[in-house]
Amino acid sequence: MEISGRKVDYQGKQTFVLDLIRKCPQWVYDNIYDTLEPSEKEIFDAITQKYPSTDIRIVEEDFMNTLLPYMMNEPIFQEPLLAKLVDELMSRIEKYNKSLGCWGSGYPYENYGLDSAAPIVPNINIHSFCFTLKNKLQYLKQKYKKGKQPSTDMCQSAEKVLENIPAIEEQMKEHAVKYGELLKGFFEDFNKWYKKREEAEWDLRRFDHRYHQRGTMTFGKYSGRAISYVIKRDLGYIEWALRNKRDFTLEGDDLEEFIEKAGYNPVVLNKESCSIVQLTELIEIMDYLVGTNSYCLHSIILEVGKLPETKDIMEVNTKYPGLAFSFEKKGEKMFMGVKGNLDGITADKADDDPAPIEKSPTDDENQSESYTVL
């Protein structure tokens, strides 16, 4: 599924929709749910849908009553080893009952024969219980037969219960199958919910990798430092690296921080299919417009044909640091949006209340149809 990188206004700041879905789902539901794209809505529904639950609970006495006839009058069951084993089974059933109504149990039920006519309740492994019971009885039998405290009665008791292990397992398995049939619908609903939730979590991890990536400097005086550290303390070094280090790029949160602090986006999109465009003409246009005065440029849209190279954008930004740039591709055409402060060579002659740049109706029409300055 395509990962959304869309942003919306949240408390006065442009914020990723997927971040809001994860951190503020109620706000998303109240304000923008109807405008969510299909992929965004799928993730929202997956992570906000309440997990399935059921009122069906396993009655522990069903399993205990199966054991009682074989335990009664058998002194071997006085052994702590066997008493602990039975207690563990009852405790496991109790824990399982609690997990039927809460997320976090970690049960994917798909491996427990849901397609069969008689699924077995997950995590209550009767075969494992009986196998362990058999091993402990064999140990106790040998203990009382050849050990330091021989006991014919205890040895015979262990032998008697060992003979009944197949019957015990068969009867307990019948109970497990009975509850499996009762809970099959819940298992199936849980599986669907679990898989959707798992897919959504995976998509969010992909989103984080793409849009919240953090990098580390691998060269120069800041080698080993986080890129975010250098952006905060030495923005000029980042700009130098973008101009001079071919393999140095900004991604994710590093790119967001750079744009916020530097005022322009240095990323070259579709670099393979774009030729280099020099922006010397733009500098000449700005020089002509500004002269020796200072102006505030509300917005201007220029068709640049191809996306400029990072160093060319920086050349303009170096001369006019108050400008911010944005780019958008419409069909085969590339448009550059420019806005910000145009500071001239001398600012002392700046108008107190500079007038906005005049634009023709045709320009406004083209601008609204083909490009929006962010």
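The values are calculated or read from the model by the stated rules, or taken from the named source; none is laboratory data. None of these values were measured; they are calculated from a predicted model. Glycine also receives a Cβ, built like all others from the backbone with ideal geometry; neighbour counts cover every protein chain displayed. Accessible surface areas use protein heavy atoms only, side chains included; no ligands, DNA or RNA. Shrake-Rupley method; radii C 1.70, N 1.55, O 1.52, S 1.80 Å.
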Which pairs do you get when a residue that is closer than 12 Å to residue 18 by Cβ and among the hydroxyl-bearing types (Ser, Thr, Tyr), found in segment 189-217, comes within reach of a residue that is at pLDDT 85 or above and not in a helix (DSSP H, G or I), reach meaning Cβ atoms under 7 angstrom, with the pair 6+ apart or on two chains? 211/5; 211/16
Qualifying residue in segment 18-27 (condition: open to solvent by 30 Å² or more (accessible area, probe 1.4 Å), of a type in the set (Phe, Trp, Tyr) and touching a strand residue (DSSP E or B) at 6+ places or on another chain (Cβ under 9 Å)): yes
Residue check: is residue 232 within 30 Å of residue 50 (Cα to Cα), in a helix (DSSP H, G or I) and among the charged types (D, E, K, R)? no
Regarding segment 60-76, can at least one residue be identified that is at pLDDT below 90 and of a type in the set (Phe, Trp, Tyr)? no
Tally time: how many residues in segment 148-165 are open to solvent by less than 90 Å² (accessible area, probe 1.4 Å) and assigned to a helix (DSSP H, G or I)? 8
Qualifying positions in segment 166-177 - surrounded by fewer than 20 Cβ atoms within 10 Å (Cβ to Cβ) and either within 14 Å of residue 77 (Cα to Cα) or over 44 Å from the mean Cα position of the chain (by Cα) (or both): 166, 167, 170, 171
With respect to residue 72, determine if the residue is in contact (Cβ under 8 Å) with a residue 24 or more places away in the chain and not β-branched (Val, Ile, Thr). no
Of the conditions (1) assigned to a strand (DSSP E or B); (2) within 14 Å of the chain's Cα centre (by Cα), residue 9 clears all except one; give me its number. (2)
